[in-house]
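The values are calculated or read from the model by the stated rules, or taken from the named source; none is laboratory data. Because the structure is a prediction, the values reported are computed rather than measured. Ideal geometry is used to build each Cβ from the backbone, glycine not excepted, and the neighbour counts take in all protein chains shown. The accessibility values were calculated without ligands, DNA or RNA, using every heavy atom of the protein model including side chains. Shrake-Rupley method; radii C 1.70, N 1.55, O 1.52, S 1.80 Å.
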Amino acid sequence: MSRINLAIAAVCITTALTTTALTPAAHAQQPPPTALTKVEGTDNVYIFRYMGHQSMFITTPDGVIATDPISERRPVKPYIDAIQSVSKAPIKYVIYSHSHFDHIAGGQPFKDMGATFIAQTNAKARLMALKPEDVVMPDQTVDTQKIIELGGTTLILDYVGRNHSDNMLVMRLPKEKIIFTVDWIPLQAVQFRGMADTYVPDIEESLKKVIAMDWTTLIPGHPGPGGRQIGGREEAPNQLAYLQDLSAAVKKAVSEGKGYDAAEKEIKLPKYESWGGYAAFLPMNIERYYDFWNRGI
Ligand SMILES: [Zn+2]
(Lines give C-alpha, C1' and ligand atoms only; values in the text may rest on other atoms or scores of the structure.)
Protein backbone atom coordinates (compact mmCIF):
# COMPACT_ATOMS: atom_id res chain seq x y z
CA MET A 1 0.00 0.00 0.00
CA SER A 2 1.26 3.43 -0.85
CA ARG A 3 2.44 5.59 1.98
CA ILE A 4 2.03 8.68 -0.14
CA ASN A 5 -1.22 10.28 0.78
CA LEU A 6 -1.76 13.42 -1.12
CA ALA A 7 -1.23 14.48 -4.68
CA ILE A 8 -1.07 18.24 -4.28
CA ALA A 9 -0.64 19.36 -7.82
CA ALA A 10 -0.15 17.98 -11.25
CA VAL A 11 0.77 20.50 -13.87
CA CYS A 12 0.14 19.63 -17.48
CA ILE A 13 2.98 21.03 -19.56
CA THR A 14 3.24 18.21 -22.05
CA THR A 15 3.47 20.15 -25.28
CA ALA A 16 6.20 22.44 -23.92
CA LEU A 17 8.33 19.56 -22.76
CA THR A 18 8.08 16.83 -25.33
CA THR A 19 9.31 16.89 -28.87
CA THR A 20 6.08 15.37 -30.15
CA ALA A 21 2.84 16.94 -29.02
CA LEU A 22 0.52 14.20 -27.82
CA THR A 23 -3.01 13.93 -29.01
CA PRO A 24 -5.67 14.52 -26.33
CA ALA A 25 -6.49 10.80 -26.35
CA ALA A 26 -2.87 9.76 -25.87
CA HIS A 27 -2.42 12.42 -23.27
CA ALA A 28 -5.31 11.04 -21.22
CA GLN A 29 -3.47 7.72 -20.88
CA GLN A 30 -0.17 9.24 -19.76
CA PRO A 31 0.67 10.26 -16.21
CA PRO A 32 1.06 14.04 -15.94
CA PRO A 33 4.64 15.17 -16.69
CA THR A 34 5.04 16.56 -13.18
CA ALA A 35 3.53 15.75 -9.81
CA LEU A 36 3.91 17.07 -6.29
CA THR A 37 3.33 14.65 -3.43
CA LYS A 38 3.52 15.14 0.33
CA VAL A 39 5.09 12.18 2.12
CA GLU A 40 2.55 10.68 4.51
CA GLY A 41 3.34 11.07 8.18
CA THR A 42 5.33 14.27 7.64
CA ASP A 43 4.36 17.93 7.86
CA ASN A 44 6.86 19.25 5.40
CA VAL A 45 8.55 16.59 3.25
CA TYR A 46 7.61 16.48 -0.43
CA ILE A 47 8.51 14.58 -3.58
CA PHE A 48 8.57 16.48 -6.86
CA ARG A 49 8.40 14.14 -9.87
CA TYR A 50 9.42 15.40 -13.31
CA MET A 51 8.74 12.77 -15.98
CA GLY A 52 10.84 9.78 -14.83
CA HIS A 53 13.00 11.64 -12.28
CA GLN A 54 12.14 12.73 -8.76
CA SER A 55 13.57 14.87 -5.96
CA MET A 56 12.84 15.42 -2.31
CA PHE A 57 12.36 18.87 -0.81
CA ILE A 58 11.64 20.03 2.73
CA THR A 59 9.81 23.19 3.74
CA THR A 60 10.52 24.99 7.03
CA PRO A 61 9.46 28.38 8.42
CA ASP A 62 13.00 29.65 7.83
CA GLY A 63 13.47 28.37 4.29
CA VAL A 64 13.26 25.45 1.90
CA ILE A 65 15.85 22.72 1.41
CA ALA A 66 15.66 21.50 -2.19
CA THR A 67 17.61 18.65 -3.76
CA ASP A 68 18.48 17.67 -7.36
CA PRO A 69 17.12 20.18 -9.94
CA ILE A 70 16.32 17.25 -12.38
CA SER A 71 16.01 19.69 -15.29
CA GLU A 72 18.47 18.60 -17.96
CA ARG A 73 17.35 20.12 -21.29
CA ARG A 74 14.04 21.30 -19.85
CA PRO A 75 12.87 24.26 -17.74
CA VAL A 76 13.25 24.01 -13.96
CA LYS A 77 10.27 26.34 -13.48
CA PRO A 78 7.76 23.52 -12.76
CA TYR A 79 9.93 22.45 -9.80
CA ILE A 80 10.19 26.00 -8.44
CA ASP A 81 6.45 26.51 -8.98
CA ALA A 82 5.74 23.27 -7.10
CA ILE A 83 7.84 24.42 -4.13
CA GLN A 84 6.21 27.85 -4.11
CA SER A 85 2.74 26.29 -4.23
CA VAL A 86 3.34 24.97 -0.69
CA SER A 87 5.84 27.47 0.76
CA LYS A 88 6.61 31.15 0.32
CA ALA A 89 9.83 30.79 2.36
CA PRO A 90 13.10 31.39 0.48
CA ILE A 91 14.81 28.38 -1.11
CA LYS A 92 18.01 28.27 0.96
CA TYR A 93 19.74 25.13 -0.29
CA VAL A 94 19.99 22.91 -3.35
CA ILE A 95 21.77 19.65 -2.49
CA TYR A 96 23.09 17.39 -5.24
CA SER A 97 22.65 13.65 -4.69
CA HIS A 98 25.64 12.87 -6.96
CA SER A 99 27.35 14.31 -10.02
CA HIS A 100 25.27 12.81 -12.84
CA PHE A 101 23.86 15.53 -15.08
CA ASP A 102 20.41 14.03 -15.59
CA HIS A 103 19.77 14.68 -11.88
CA ILE A 104 21.58 17.96 -11.28
CA ALA A 105 21.36 20.06 -14.46
CA GLY A 106 19.16 23.11 -14.66
CA GLY A 107 19.67 24.72 -11.26
CA GLN A 108 20.62 28.26 -12.35
CA PRO A 109 17.21 29.81 -11.49
CA PHE A 110 17.62 28.45 -7.93
CA LYS A 111 21.05 30.11 -7.83
CA ASP A 112 19.56 33.38 -9.07
CA MET A 113 17.10 33.20 -6.14
CA GLY A 114 20.03 33.01 -3.70
CA ALA A 115 20.22 29.27 -2.94
CA THR A 116 23.46 27.74 -1.67
CA PHE A 117 24.50 24.62 -3.62
CA ILE A 118 26.01 21.65 -1.76
CA ALA A 119 27.59 18.44 -3.09
CA GLN A 120 30.03 15.76 -2.00
CA THR A 121 33.68 16.82 -2.44
CA ASN A 122 34.36 14.35 -5.25
CA ALA A 123 31.27 15.59 -7.11
CA LYS A 124 32.64 19.12 -7.16
CA ALA A 125 36.02 17.89 -8.45
CA ARG A 126 34.26 15.91 -11.19
CA LEU A 127 32.10 18.85 -12.20
CA MET A 128 35.04 21.28 -12.19
CA ALA A 129 36.88 18.91 -14.54
CA LEU A 130 33.98 18.32 -16.92
CA LYS A 131 32.35 21.78 -16.76
CA PRO A 132 28.99 20.47 -18.00
CA GLU A 133 26.66 22.94 -19.58
CA ASP A 134 23.82 24.07 -17.33
CA VAL A 135 25.14 22.58 -14.08
CA VAL A 136 25.66 25.08 -11.24
CA MET A 137 28.97 24.49 -9.43
CA PRO A 138 28.60 23.60 -5.73
CA ASP A 139 29.28 26.41 -3.23
CA GLN A 140 29.93 24.03 -0.34
CA THR A 141 31.17 20.45 -0.16
CA VAL A 142 30.76 17.46 2.14
CA ASP A 143 33.65 15.08 2.84
CA THR A 144 32.06 12.47 5.08
CA GLN A 145 29.21 14.20 6.89
CA LYS A 146 27.44 17.54 7.13
CA ILE A 147 24.41 18.37 9.26
CA ILE A 148 21.99 21.04 8.10
CA GLU A 149 19.67 22.61 10.69
CA LEU A 150 17.00 24.90 9.33
CA GLY A 151 13.70 26.05 10.84
CA GLY A 152 13.42 23.10 13.23
CA THR A 153 14.38 20.46 10.64
CA THR A 154 17.60 18.45 10.77
CA LEU A 155 18.99 16.94 7.57
CA ILE A 156 22.12 14.77 7.72
CA LEU A 157 24.25 14.38 4.59
CA ASP A 158 26.39 11.24 4.72
CA TYR A 159 29.01 9.94 2.31
CA VAL A 160 29.09 6.14 2.65
CA GLY A 161 31.81 5.40 0.10
CA ARG A 162 31.87 4.54 -3.58
CA ASN A 163 28.76 2.99 -5.12
CA HIS A 164 26.93 4.52 -8.12
CA SER A 165 29.70 7.18 -8.58
CA ASP A 166 32.39 8.13 -6.08
CA ASN A 167 30.33 11.05 -4.77
CA MET A 168 26.90 9.83 -3.69
CA LEU A 169 25.25 11.46 -0.68
CA VAL A 170 22.67 9.76 1.52
CA MET A 171 20.38 12.53 2.77
CA ARG A 172 18.67 11.53 6.01
CA LEU A 173 15.92 13.16 8.03
CA PRO A 174 16.49 11.58 11.47
CA LYS A 175 13.19 12.71 13.01
CA GLU A 176 11.09 11.56 10.05
CA LYS A 177 13.33 8.50 9.46
CA ILE A 178 13.46 9.18 5.72
CA ILE A 179 16.44 8.82 3.38
CA PHE A 180 16.79 10.26 -0.12
CA THR A 181 19.54 8.72 -2.23
CA VAL A 182 19.61 8.30 -5.97
CA ASP A 183 20.10 5.61 -8.63
CA TRP A 184 21.80 2.86 -6.61
CA ILE A 185 18.91 1.49 -4.50
CA PRO A 186 16.15 1.26 -7.12
CA LEU A 187 12.68 0.10 -6.09
CA GLN A 188 12.33 -3.57 -7.06
CA ALA A 189 14.64 -3.18 -10.02
CA VAL A 190 17.98 -4.46 -11.24
CA GLN A 191 20.74 -1.90 -11.82
CA PHE A 192 20.41 0.41 -14.83
CA ARG A 193 21.97 -0.88 -18.07
CA GLY A 194 25.75 -1.53 -17.76
CA MET A 195 26.06 0.02 -14.27
CA ALA A 196 28.03 2.99 -15.65
CA ASP A 197 30.18 4.74 -13.02
CA THR A 198 29.35 2.00 -10.49
CA TYR A 199 32.16 0.74 -8.27
CA VAL A 200 32.15 -3.03 -7.89
CA PRO A 201 32.27 -4.49 -5.30
CA ASP A 202 32.31 -1.27 -3.18
CA ILE A 203 28.59 -0.73 -3.77
CA GLU A 204 27.90 -3.75 -1.56
CA GLU A 205 29.78 -2.15 1.36
CA SER A 206 27.82 1.08 0.87
CA LEU A 207 24.56 -0.87 1.02
CA LYS A 208 25.62 -2.45 4.33
CA LYS A 209 26.26 1.04 5.74
CA VAL A 210 22.83 2.25 4.66
CA ILE A 211 21.20 -0.87 6.13
CA ALA A 212 22.89 -0.04 9.45
CA MET A 213 21.36 3.48 9.51
CA ASP A 214 18.17 4.31 11.37
CA TRP A 215 15.43 4.96 8.79
CA THR A 216 12.11 3.55 7.62
CA THR A 217 11.37 5.24 4.28
CA LEU A 218 13.45 5.42 1.11
CA ILE A 219 12.86 8.08 -1.53
CA PRO A 220 14.80 7.11 -4.67
CA GLY A 221 15.61 9.26 -7.72
CA HIS A 222 13.15 7.45 -9.97
CA PRO A 223 9.70 5.95 -9.35
CA GLY A 224 9.50 2.17 -9.35
CA PRO A 225 7.02 -0.30 -10.89
CA GLY A 226 3.50 1.09 -11.13
CA GLY A 227 4.74 4.59 -10.41
CA ARG A 228 5.53 3.78 -6.75
CA GLN A 229 7.56 6.69 -5.40
CA ILE A 230 8.84 5.44 -2.06
CA GLY A 231 10.11 2.20 -0.58
CA GLY A 232 10.70 0.71 2.83
CA ARG A 233 13.77 -0.65 4.59
CA GLU A 234 13.53 -3.93 2.68
CA GLU A 235 14.69 -2.28 -0.55
CA ALA A 236 18.31 -2.02 0.66
CA PRO A 237 18.82 -5.65 1.76
CA ASN A 238 16.91 -6.80 -1.33
CA GLN A 239 19.28 -4.87 -3.58
CA LEU A 240 22.29 -6.17 -1.65
CA ALA A 241 21.02 -9.75 -2.03
CA TYR A 242 20.55 -9.20 -5.76
CA LEU A 243 24.10 -7.89 -6.22
CA GLN A 244 25.57 -10.70 -4.12
CA ASP A 245 23.60 -13.35 -6.05
CA LEU A 246 24.62 -11.74 -9.35
CA SER A 247 28.26 -11.52 -8.28
CA ALA A 248 28.37 -15.18 -7.15
CA ALA A 249 26.75 -16.41 -10.37
CA VAL A 250 29.16 -14.44 -12.55
CA LYS A 251 32.18 -15.50 -10.47
CA LYS A 252 31.17 -19.13 -11.03
CA ALA A 253 30.75 -18.62 -14.80
CA VAL A 254 34.19 -17.00 -15.04
CA SER A 255 35.81 -19.80 -13.03
CA GLU A 256 34.20 -22.34 -15.39
CA GLY A 257 35.83 -20.61 -18.35
CA LYS A 258 32.64 -19.21 -19.85
CA GLY A 259 33.00 -16.18 -22.09
CA TYR A 260 31.01 -12.94 -21.94
CA ASP A 261 28.35 -14.14 -24.36
CA ALA A 262 27.75 -17.46 -22.62
CA ALA A 263 27.62 -15.85 -19.18
CA GLU A 264 25.16 -13.21 -20.34
CA LYS A 265 23.00 -15.80 -22.08
CA GLU A 266 23.07 -18.55 -19.50
CA ILE A 267 22.95 -16.80 -16.13
CA LYS A 268 19.38 -16.49 -14.86
CA LEU A 269 18.32 -15.19 -11.46
CA PRO A 270 14.67 -16.26 -11.28
CA LYS A 271 14.25 -14.78 -7.81
CA TYR A 272 14.39 -11.34 -9.43
CA GLU A 273 12.41 -12.12 -12.58
CA SER A 274 9.58 -9.78 -11.61
CA TRP A 275 11.90 -6.82 -11.00
CA GLY A 276 12.04 -3.82 -13.29
CA GLY A 277 14.70 -4.06 -16.00
CA TYR A 278 15.29 -7.80 -15.47
CA ALA A 279 15.01 -8.90 -19.11
CA ALA A 280 16.71 -5.89 -20.66
CA PHE A 281 19.42 -5.06 -18.13
CA LEU A 282 20.40 -8.35 -16.44
CA PRO A 283 22.84 -9.23 -19.28
CA MET A 284 24.42 -5.76 -18.97
CA ASN A 285 24.66 -6.11 -15.16
CA ILE A 286 26.31 -9.52 -15.77
CA GLU A 287 28.84 -7.87 -18.07
CA ARG A 288 29.79 -5.37 -15.35
CA TYR A 289 30.48 -8.17 -12.84
CA TYR A 290 32.17 -10.29 -15.52
CA ASP A 291 34.78 -7.54 -15.94
CA PHE A 292 35.30 -7.47 -12.20
CA TRP A 293 35.77 -11.21 -11.77
CA ASN A 294 37.65 -11.77 -15.01
CA ARG A 295 39.93 -8.75 -15.02
CA GLY A 296 39.63 -7.12 -11.60
CA ILE A 297 38.13 -3.92 -12.98
ZN1 LIG B 1 23.35 8.50 -11.58
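Matching residues to (1) without any contact (Cβ under 8 Å) to a residue 24 or more places away in the chain; (2) buried (at least 18 other Cβ atoms within 10 Å of the Cβ); (3) in a helix (DSSP H, G or I):
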| site | (1), (2), (3) |
| --- | --- |
| I80 | no, yes, yes |
| S85 | no, no, yes |
| V94 | no, yes, no |
| G106 | no, yes, no |
| A123 | no, yes, yes |
| L155 | no, yes, no |
| task | Would you mind stating whether R193 is in contact (Cβ under 8 Å) with a residue 60 or more places away in the chain, charged (D, E, K, R) and within 14 Å of the ligand (Cβ to nearest atom)? | result | yes
| task | Working only within the stretch 199-222, note down all residues that are open to solvent by 10 Å² or more (accessible area, probe 1.4 Å), free of Cβ contacts under 8 Å to residues at least 60 places away in the same chain and assigned to a loop (DSSP other than H, G, I, E, B). | result | Y199, A212, M213, D214, T216
| task | Give the residues of the stretch 165-198 that are open to solvent by 10 Å² or more (accessible area, probe 1.4 Å) and of a type in the set (A, V, I, L, M), sorted by residue number. | result | A189, A196
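Residue-wise test of (1) touching a helix residue (DSSP H, G or I) at 6+ places or on another chain (Cβ under 6 Å); (2) basic (K, R).
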residue	(1), (2)
V64	yes, no
R74	yes, yes
P78	no, no
Q84	no, no
I95	no, no
H103	no, no
| Quick one: would you say D261 is open to solvent by 20 Å² or more (accessible area, probe 1.4 Å) and either under 21 Å from V210 (Cβ atoms) or not in a helix (DSSP H, G or I) (or both)? | no
| said: I'm checking my understanding of the structure. Among residues of the stretch 267-285 that are part of a helix (DSSP H, G or I), of a type outside the set (S, T, Y) and surrounded by 13 or more Cβ atoms within 10 Å (Cβ to Cβ), which one is farthest from the chain's Cα centre (by Cα)? | reply: P283
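Results for (1) touching a residue at least 60 places away in the same chain (Cβ under 8 Å); (2) open to solvent by 50 Å² or more (accessible area, probe 1.4 Å); (3) touching a Leu at 6+ places or on another chain (Cβ under 6 Å); (4) not in a helix (DSSP H, G or I), shown as yes or no for each residue.
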position: A241; (1), (2), (3), (4): no, no, no, no
position: V254; (1), (2), (3), (4): no, no, no, no
position: K265; (1), (2), (3), (4): no, yes, no, no
position: E287; (1), (2), (3), (4): yes, yes, no, no
